[in-house]
Amino acid sequence: MGAAKSLTITARHLETAFKDGVWFDGSSIEGFTRIAESDMVLRPDASTYALIPWMTDDNGATARLICDVYMPDGTPFEGDPRGILRRTMKEADELGYEYNTGPELEFFLLHKNNGIKNCSHDVGGYFDLNLDKAYEIRREMVNALETFGIEVEASHHEVAAGQHEIDFKYGNALRTADNAMTFRFTLKAIAEKYGLHATFMPKPIFGVNGSGMHVHQSLFDKDGKNVFFDEKDRYHLSEVAYQFIAGQLSHIKAISAVTSPLVNSYKRLVPGYEAPVYICWGQTNRSALIRIPRYTKGKSQATRCELRCPDPSCNPYLAFAVMLKAGLDGIKKKMKPAAHVEENVYHFDDAKLASLNIDVLPHSLFEAIRCFDKDELIKSALGKHTSERYVEAKTREWDEYRIYVTDWEINRYLDIT
């Protein structure tokens, strides 16, 4: 479900962990094994070693290692999210491509009042300076991220009160997925020091912008050249880039179940709050689902497309896997996207949307799960084990929401019925 899990060992057992792995009960992790086959093995990835800054002092230190999950017989566990992304990236590698991503995670800092975490930390707006009360907090967050080897490029206040964004360097998709997971638990830990709660919930506050995770994407060849770039094209995009975009647009409804995975996600994906809901692409158009950032002369390596519908609550490994799978499908089938749209799609009426064949994203998690369950290609990206368990878990989540009586219903109906 995208929530980080951890197991702590002492330093004296580290050599054994690298040699033999560390056993754990997989049946206690949702989506892993059944109670009768619970034994599983964690194998640490040495390249992810980093000291945890808030757990390091004169008395000692604690380090972080991200692990891959294996079965008792030594085979990789098919439901390991990291392994799922690695498999899809291997498919790209066999076609001669390396998949690079750059996720931009937005988040809210909220006060904790008697256990209720719903009060924004400040009243600042986009790029605010004077009303931005979190500058020092973000600076400490940036320093902590840098300790983990995450190269931060920028940080700023976002549109809504108490909302922020910290951007880190674009790169190999597996590494940026690792960084996204590290990013979330790091920011929560630093916020806790200040008596605040950092949340990546897509829409924690009614009536203001929600938090997205726009993902910049490109493919590089074996020589390190960006295959999305074409000097002669209007948008400086290659045929491969257009095919990749077409593939994502053709599967985006199913992809939404993974990139926008909560009931709450679809309260962000509504017109009027800068969140994309219409399935189209363009350059200057920020109402489009896929945006093409402007080309800077001499910066061909930076050519990319930006998928704007994911949100930061998603499992980044699974999200990148389904996004890549769809893009590769477009390349293999030589798909062509519909014409670009540079107008504000939010202002289109139903007739104009229909004339341009512009469809919309799912309106709810239930609708997204139905689309996912019908899309064999996107399900294959996760594999049979994970796709089946994902549908089961998300269907339960929707059913719990569907029968829950909310405060809105009480306030709306109790006195008038």
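Would you point out which residue out of HIS197, HIS216 is assigned by TED's automatic domain parsing to the domain that holds VAL263 and in contact with a Gly (Cβ under 6 Å, 6 or more places away or on another chain)?
After applying the criteria, what remains is HIS216.
Looking at SER250, is it within 30 Å of GLU158 (Cα to Cα), not in a strand (DSSP E or B) and not basic (Lys, Arg)?
Answer is no for this residue.
Looking at the structure I just gave you, is ARG268 buried (at least 19 other Cβ atoms within 10 Å of the Cβ) and either without any contact (Cβ under 8 Å) to a residue 60 or more places away in the chain or among the charged types (D, E, K, R) (or both)?
Yes, satisfied.
Does VAL215 qualify as being in contact with a Phe, Trp or Tyr (Cβ under 9 Å, 6 or more places away or on another chain) and within 16 Å of GLU306 (Cα to Cα)?
yes
Does the range 167-199 hold any residues that are of a type in the set (Phe, Trp, Tyr) and under 25 Å from LYS325 (Cα atoms), and which are they?
Of everything in the range 167-199, those that are of a type in the set (Phe, Trp, Tyr) and under 25 Å from LYS325 (Cα atoms) turn out to be PHE168, TYR170, PHE183.
ALA246 fails exactly one of the following numbered conditions: (1) in contact with a strand residue (DSSP E or B) (Cβ under 8 Å, 6 or more places away or on another chain); (2) of a type in the set (A, V, I, L, M); (3) modelled with pLDDT of 95 or more. What is the number of that condition?
Condition (1) is where ALA246 drops out.
Considering only the range 78-87, I want to know if a residue exists there that is under 25 Å from the mean Cα position of the chain (by Cα), small (Gly, Ala, Ser) and at pLDDT below 95.
Taking every residue of the range 78-87 in turn, at least one turns out to be under 25 Å from the mean Cα position of the chain (by Cα), small (Gly, Ala, Ser) and at pLDDT below 95.
The rows are residues; the columns are (1) closer than 30 Å to GLY195 by Cβ; (2) in contact (Cβ under 8 Å) with a residue 24 or more places away in the chain.
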| residue | (1), (2) |
| --- | --- |
| ARG12 | no, no |
| PRO53 | yes, yes |
| ASP68 | no, yes |
| LEU95 | no, yes |
| GLU104 | yes, yes |
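Just to be sure I understand the filter: pairs with C-beta atoms under 7 Å, separated by 6 or more residues or on different chains, first member in the range 325-350 and within 16 Å of ASP375 (Cα to Cα), second member among the charged types (D, E, K, R). Which pairs pass?
LEU328/GLU91
Among the residues in the range 277-290, are any out of contact with any Leu (no Cβ under 6 Å at 6 or more places or on another chain), part of a loop (DSSP other than H, G, I, E, B), within 24 Å of LYS325 (Cα to Cα) and modelled with pLDDT of 85 or more?
No, the range 277-290 contains no residue that is out of contact with any Leu (no Cβ under 6 Å at 6 or more places or on another chain), part of a loop (DSSP other than H, G, I, E, B), within 24 Å of LYS325 (Cα to Cα) and modelled with pLDDT of 85 or more.
Sort out which residues of the range 122-153 are in a helix (DSSP H, G or I) and either touching a Phe, Trp or Tyr at 6+ places or on another chain (Cβ under 7 Å) or in contact (Cβ under 8 Å) with a residue 60 or more places away in the chain (or both), and write them in order of number.
ILE137, ASN143, ALA144, LEU145, THR147
Just to confirm my filter: which helices (runs of 4 or more DSSP H) fall fully inside the range 295-395 and include at least 3 residues that are closer than 22 Å to ASN172 by Cα?
Once the helices (runs of 4 or more DSSP H) in the range 295-395 are filtered for at least 3 residues that are closer than 22 Å to ASN172 by Cα, what remains is 316-332.
If you check VAL391, VAL360, which single one turns out to be among the β-branched types (Val, Ile, Thr), in contact with a strand residue (DSSP E or B) (Cβ under 9 Å, 6 or more places away or on another chain), in the same structural domain as GLY330 (by TED's automatic domain parsing) and in contact (Cβ under 8 Å) with a residue 12 or more places away in the chain?
VAL360
Of everything in the range 264-276 that's under 30 Å from ALA393 (Cβ atoms) and assigned to a loop (DSSP other than H, G, I, E, B), which residue is modelled with the lowest pLDDT?
Ranking the qualifying residues of the range 264-276, first place goes to TYR273.
Of all residues in the range 72-128, count the ones that are under 30 Å from LEU328 (Cβ atoms) and in contact with a His (Cβ under 6 Å, 6 or more places away or on another chain).
Total satisfying the criteria: 4.
Counting only residues that are closer than 24 Å to ASN315 by Cα and basic (Lys, Arg), how many does the range 189-209 have?
Adding up the residues that qualify gives 1.
Restricting attention to the range 359-381, which residues are surrounded by 17 or more Cβ atoms within 10 Å (Cβ to Cβ) and more than 16 Å from ILE252 (Cβ to Cβ)?
PHE366
Yes or no, residue by residue, for (1) hydrophobic (A, V, I, L, M, F, W, C); (2) more than 30 Å from LYS225 (Cα to Cα); (3) within 17 Å of the chain's Cα centre (by Cα):
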{"position": "ILE292", "(1), (2), (3)": "yes, no, no"}
{"position": "GLN301", "(1), (2), (3)": "no, no, no"}
{"position": "PRO310", "(1), (2), (3)": "no, no, yes"}
{"position": "PHE348", "(1), (2), (3)": "yes, yes, no"}
{"position": "ALA351", "(1), (2), (3)": "yes, yes, no"}
{"position": "PHE366", "(1), (2), (3)": "yes, yes, no"}
{"position": "ALA393", "(1), (2), (3)": "yes, yes, no"}
{"position": "TRP398", "(1), (2), (3)": "yes, yes, no"}
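Since MET335 meets every condition but one in (1) farther than 30 Å from HIS385 by Cα; (2) surrounded by 15 or more Cβ atoms within 10 Å (Cβ to Cβ); (3) more than 24 Å from the chain's Cα centre (by Cα), which condition does it not meet?
(1)
Restricting attention to the range 78-121, report how many residues are assigned by TED's automatic domain parsing to the domain that holds SER380, in a loop (DSSP other than H, G, I, E, B) and crowded, with 17+ Cβ neighbours inside 10 Å.
2
When residues of the range 154-179 are filtered for being crowded, with 17+ Cβ neighbours inside 10 Å, of a type in the set (Gly, Ala, Ser) and not in a helix (DSSP H, G or I), how many remain?
4
The values are calculated or read from the model by the stated rules, or taken from the named source; none is laboratory data. Keep in mind that what you see is a predicted model, and the values were worked out from it rather than measured. Methodologically, a virtual Cβ is constructed for each residue, glycine included, from the backbone with ideal geometry; neighbour enumeration extends over all protein chains shown.
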